[in-house]
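The next block holds one structure in the form of structure tokens; read it before the comments.
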Amino acid sequence: MTLVESKIPDFLTDKKNTTRQLIFTSVFALIFINLYSPFGVNTWYNFTQLQLFFYSSLVILAGLMIVAISRIIMYQVTNHKQLSIGNYILWITAEIVSMAAVYVLLQYFIISPPEDLLSAYKESIKITTLVLLMPYTISYLYLSWREKNKKLEQLSSLKEKDTKSVPFHISFRDERGELRLSLKTEDLLYLEAADNYVQIHYLNGKSKQNFMIRNSLKSFENDLSKWGIIRCHRSFMVNIARVKIVKKERDGLVLEIDAPGNNSLPISETFMQKVLSAFSGNQGI
């Protein structure tokens with residue numbers, strides 16, 4: 001698998017991180033345009049500094065709307081399919097092209113029609129690329145650093161505890177943050193995505209039951225993975241402690257869950273190494 005085909009890190013499509021990136025990009029762009037006037041934008045239109053500030057604020061607001069809509073669409077897409085790095089680069093390119101088009105339209109209808117529309121659009125792409133890619137790069141480096149620190153803290157926390165230590169109960173909240181279900185960790189079997197809901201499969205005594213919560217697997221993934229509840233497929237998360245067998249069938253590897261009835265879960269290639277490593281690490285626990 002090439003770098004372009006590799007999957008993007010999950011933190012890039014996290015809701016909170018996306019909001020942080022949008023705010024930072026907007027503030028950065030507003031300050032950058034007003035302080036540095038890239039490509040002599042203030043001399044093109046003979047603006048005063050105050051006029052430039054109002055114009056740039058309008059431009060940034062319009063651009064923010066384009067990016068916000070784009071990221072909402074991206075979030076919905078990544079709930080069903082992981083984006084590759086190549087897909088992500090194309091997505092950002094589409095954002096730049098779209099924002100540049102909006103900026104030219106603002107210039108045409110609000111400021112003054114350019115003499116050469118094509119040249120104005122090309123110049124707008126240059127400015128948009130500069131103004132957008134710089135904060136994108138900075139925010140990516142920050143979020144990447146933050147994610148690595150978070151994982152290091154989790155590893156340090158786990159080392160301080162007994163390897164068998166798990167939370168006695170796991171609480172599940174819906175997309176509004178309301179508590180809907182709490183159960184013993186050992187009773188949790190697996191989670192299954194069902195459109196805009198997550199179906200939680202668990203043991204109640206000796207019988208298997210399930211409970212539906214309006215939310216997404218992605219929202220549970222970070223919090224539950226450190227307790228051995230990991231993604232094995234885009235539609236499933238499994239409590240690795242409840243896996244009794246990993247076997248290879250015609251369609252690939254599957255997990256057999258230690259629970260009443262037929263409980264087989266597929267393993268997708270994306271999560272195969274992570275699942276096998278976790279399963280090997282839990283042998284004898």
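In region 56-71, the residues that are free of Cβ contacts under 8 Å to residues at least 40 places away in the same chain form Cβ pairs under 6 Å with partners that are surrounded by fewer than 21 Cβ atoms within 10 Å (Cβ to Cβ) and of a type in the set (Gly, Ala, Ser), at six or more places apart or across chains, as follows: Ile60/Ser26; Ile66/Ser98.
Residue by residue, here is whether (1) surrounded by fewer than 13 Cβ atoms within 10 Å (Cβ to Cβ); (2) of a type in the set (Ser, Thr, Tyr); (3) at pLDDT 85 or above holds:
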{"position": "Glu5", "(1), (2), (3)": "yes, no, no"}
{"position": "Thr13", "(1), (2), (3)": "no, yes, no"}
{"position": "Trp44", "(1), (2), (3)": "no, no, no"}
{"position": "Gln49", "(1), (2), (3)": "yes, no, no"}
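Name every residue in region 92-115 that is touching a helix residue (DSSP H, G or I) at 6+ places or on another chain (Cβ under 9 Å) and not in a helix (DSSP H, G or I), in order of residue number. Passing the criteria: Pro113, Pro114. When you go through (1) under 20 Å from Leu83 (Cα atoms); (2) touching a strand residue (DSSP E or B) at 6+ places or on another chain (Cβ under 6 Å); (3) not hydroxyl-bearing (Ser, Thr, Tyr) one by one for Met272, which number turns out not to apply? That leaves (2) as the condition not met.
Being part of a strand (DSSP E or B), over 18 Å from the mean Cα position of the chain (by Cα) and modelled with pLDDT of 90 or more is the requirement here; does Ile200 meet it? Spelling it out, Ile200 is indeed part of a strand (DSSP E or B), over 18 Å from the mean Cα position of the chain (by Cα) and modelled with pLDDT of 90 or more. Taking each residue of region 249-270 that is at pLDDT below 85 and looking for partners that are assigned to a helix (DSSP H, G or I) with beta-carbon atoms closer than 8 Å, six or more apart or interchain, yields Gly252/Glu269.
Screening Ser171 on (1) under 26 Å from Phe11 (Cβ atoms); (2) hydroxyl-bearing (Ser, Thr, Tyr); (3) assigned to a strand (DSSP E or B); (4) in contact with a His (Cβ under 9 Å, 6 or more places away or on another chain) shows it passes everything except condition (4).
Look at region 199-223: where a residue is farther than 24 Å from Asp10 by Cα and a partner is outside any strand (DSSP E or B) and among the charged types (D, E, K, R), sitting 6+ places away or on another chain with Cβ atoms under 7 Å, you get Tyr202/Asp187; Leu203/Asp187. Looking at Ser225, Ser235, just one residue is more than 14 Å from Glu192 (Cα to Cα) and of a type in the set (Ser, Thr, Tyr), and that residue is Ser225. When region 226-252 is filtered for residues that are farther than 18 Å from Leu188 by Cα and basic (Lys, Arg), the ones remaining, listed by number, are Arg234, Lys247, Lys248, Arg250.
The C-beta contact set for region 169-185 (first residue under 15 Å from Gln209 (Cβ atoms), second residue surrounded by 10 or more Cβ atoms within 10 Å (Cβ to Cβ) and among the charged types (D, E, K, R), distance under 7 angstrom, 6+ apart or interchain) comprises Phe172/Arg180; Arg180/Arg173; Arg180/Asp174. Just checking, does region 136-152 include any residue being surrounded by fewer than 11 Cβ atoms within 10 Å (Cβ to Cβ), modelled with pLDDT under 80, more than 23 Å from Leu61 (Cβ to Cβ) and of a type in the set (A, V, I, L, M, F, W, C)? Yes, because at least one residue in region 136-152 is surrounded by fewer than 11 Cβ atoms within 10 Å (Cβ to Cβ), modelled with pLDDT under 80, more than 23 Å from Leu61 (Cβ to Cβ) and of a type in the set (A, V, I, L, M, F, W, C).
The values are calculated or read from the model by the stated rules, or taken from the named source; none is laboratory data. If you're wondering where the values come from, they're calculated on a predicted model, not measured in any experiment. For neighbour counting, all protein chains shown are included, and Cβ atoms are generated from backbone atoms with ideal geometry for every residue, glycine included.
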